[in-house]
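Report on one structure; see the data block that follows.
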């Protein structure tokens, strides 16, 4: 690194959300404004930018497994079973009831996935 480039810590970036949740546009703007050691940021895609930022700060890629993975799997099995049941029904009211139940279960899986 050149001598005129100021060292910056990861905490000084002032991130409000994880790197993976940021858009490519946000990542590029951050690289240009705060991380001059990353060259060519405006031409890189999101995955490349995230990896480059992690490399600069020395983060080791660790696999995050949701503690709710088993529970999410069970809910998805229920959803698949309900879809089969829904297709077999002819009564519109019962189909709508099952459709709403599926939607509630899907919302629950999304909520559990975000709760990491």
| Any chance residue 28 is outside the structural domain of residue 100 (by TED's automatic domain parsing), outside any loop (DSSP other than H, G, I, E, B) and touching a helix residue (DSSP H, G or I) at 6+ places or on another chain (Cβ under 8 Å) | yes
Only one of 20, 52, 90, 12 is assigned to a helix (DSSP H, G or I) and modelled with pLDDT of 85 or more, namely 52
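The values are calculated or read from the model by the stated rules, or taken from the named source; none is laboratory data. What you see is a predicted model, and the numbers here were worked out from it, not measured in a lab. Here the Cβ is made from the backbone with ideal geometry for all residues, glycine too, and neighbour counts use every protein chain on show.
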